[in-house]
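Notes to accompany the following structure.
Where a number appears in this text, it was derived from the coordinates with a stated rule and is not lab data. The model shown is predicted, which means the values in this text are computed figures rather than measured ones. As a convention, Cβ positions derive from the backbone with ideal geometry for all residues, glycine included, and neighbour counts pool all protein chains shown.
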2 protein chains.
Amino acid sequence: MADITNARGYPIGAMSRETGVNIETIRYYERIKLMPQPDRTAGGNRQYTHDQLKRLSFIKRSRELGFSIDEIRAMLTMVDQDGVSCGEVHAMTVEHLGSVKEKIRHLKKLEWALTGMAAECAKGDVPDCPIIETLFDER
Amino acid sequence: MADITNARGYPIGAMSRETGVNIETIRYYERIKLMPQPDRTAGGNRQYTHDQLKRLSFIKRSRELGFSIDEIRAMLTMVDQDGVSCGEVHAMTVEHLGSVKEKIRHLKKLEWALTGMAAECAKGDVPDCPIIETLFDER
DNA sequence: CTTGCATCTGTAGTCGCTACAGATGGTACG
DNA sequence: CGTACCATCTGTAGCGACTACAGATGCAAG
């Protein structure tokens with residue numbers, strides 16, 4: 001009397017469509033044990049549950065926010081053990097935020113340098129390109 | 001009567017020290033033909049010229065500015081052919097600048113999202129961590 | 001029953017390095 | 001001249017996070 005509604009799970013293609021995660025990547029996540037091994041049809045095709053779909057979206061969203069696979073694994077382990085320590089998650093987020101800020105600072109410096117270089121360049125087909133000169137010059 | 005001063009070139013360690021490029025990386029650049037094959041001592045050790053040192057610094061500086069190996073290869077090809085088209089170099093720089101700006105924009109969005117998530121979290125060991133919730137929630 | 005897309009496994013490639021292992025080169029000191 | 005010892009050599013494998021095949025099946029619609 002169970003398993004009548006929703007008896008059939010999501011095949012991998014549906015998972016991919018729903019989450020935007022590439023099929024190959026989903027299988028990769030299984031290989032590295034970020035996603036569990038799903039049920040299989042008689043023929044051997046993967047059949048995912050709705051919970052697994054949510055898990056994959058979680059991974060996707062976290063990746064988009066720049067968390068590493070290992071960071072995500074840590075968070076999911078807590079979720080799996082039902083022992084989510086908000087403190088730990090907060091700490092991870094803050095640390096990650098720090099590295100994002102750092103990257104922004106770094107990229108802004110690049111932006112500056114590149115803008116300066118581009119501005120100095122007359123764009124003509126002259127032999128001495130100021131950009132190349134800048135890059136080649138002794139420190 | 002030639003080759004008396006500067007007869008001995010720079011060994012790879014000196015190149016590394018001068019430019020800050022890792023020794024393994026210098027050999028890697030040779031393998032992928034970004035750096036030329038240098039002369040060798042009788043025993044087989046690499047001996048670089050001053051021009052090659054400058055070339056390596058060029059690569060280093062360009063890498064620091066975020067240019068890809070292929071972009072650098074393109075610039076160096078122009079330099080090697082002595083047909084530096086300032087227009088092309090300028091175009092590459094501007095395009096690269098565009099992608100840097102894009103990255104900054106992207107990271108700022110992340111910064112926002114992460115800041116928001118971190119702020120909502122009470123850090124307590126409560127069962128429902130707002131960060132995890134946010135990441136898990138349906139779109 | 002056939003067509004044809006979806007999915008399967010397994011392996012190798014991507015980028016830009018980095019890290020070995022195990023064998024020589026080169027040089028300073030006694 | 002020998003020896004100690006660092007520098008350098010080649011070649012291969014690993015990293016992170018996928019991506020891209022090849023070649024074999026599954027499965028659903030007409």
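Worth pointing out:
- Convex hull volume per residue for segment B:85-139, taking Cα atoms only, in Å³: 89
- Span-like helix ranges in chain A, DSSP H, alpha carbon extent 18 angstrom or more, Kyte mean at least -0.5: A:86-120
- Cα extents of segment B:13-71 along the three principal axes, largest first (Å): 37, 21, 19
- The helix-only estimate of mean residue ellipticity at 222 nm for the protein assembly as shown, built from DSSP H runs of length n ≥ 4 each weighted as -39500 (n - 2.57), is -20000 deg cm²/dmol after division by the residue total.
- Among the residues of B:87-100, the average count of other protein chain beta-carbon atoms within 10 Å of the residue beta-carbon is 5.
- Cross-link partners of A:Lys54 among lysines, defined as those whose alpha carbon lies under 19 angstrom from its own and excluding same-chain residues fewer than eight positions apart: A:Lys33.
- Inter-copy label distances at B:Pro36 (7 Å, Cα→Cβ; nm, one decimal): 6.2
- Peptide A:70-78 has a mean shielding of 1, counted as Cβ atoms of other protein chains within 10 Å of each residue's Cβ.
- Farthest toward the positive end of the dipole of segment B:30-139, out of B:Ala118, B:Thr41, B:Ile72, is the Cα of B:Thr41, where the dipole comes from beta carbon charges about the Cα centre.
- Unit charges on C-beta of K, R, D, E only; dipole of segment A:1-136, Debye: 420
- Only alpha carbons enter this Debye calculation for the protein assembly as shown, each as an equal point scatterer, and the log10 of I(q)/I(0) it gives at q = 0.12, 0.14 Å⁻¹ is -0.92, -1.03.
- One residue of chain B places its C-beta nearer than any other to the axis carrying B onto A; that residue and its whole-Å distance are B:Ile104, 3.
- Its alpha carbons give chain B an Rg and a Dmax of 23.9, 83 Å.
- Label-point separation in nm, A:Trp112 to B:Trp112, each point 7 Å along Cα→Cβ: 2.5
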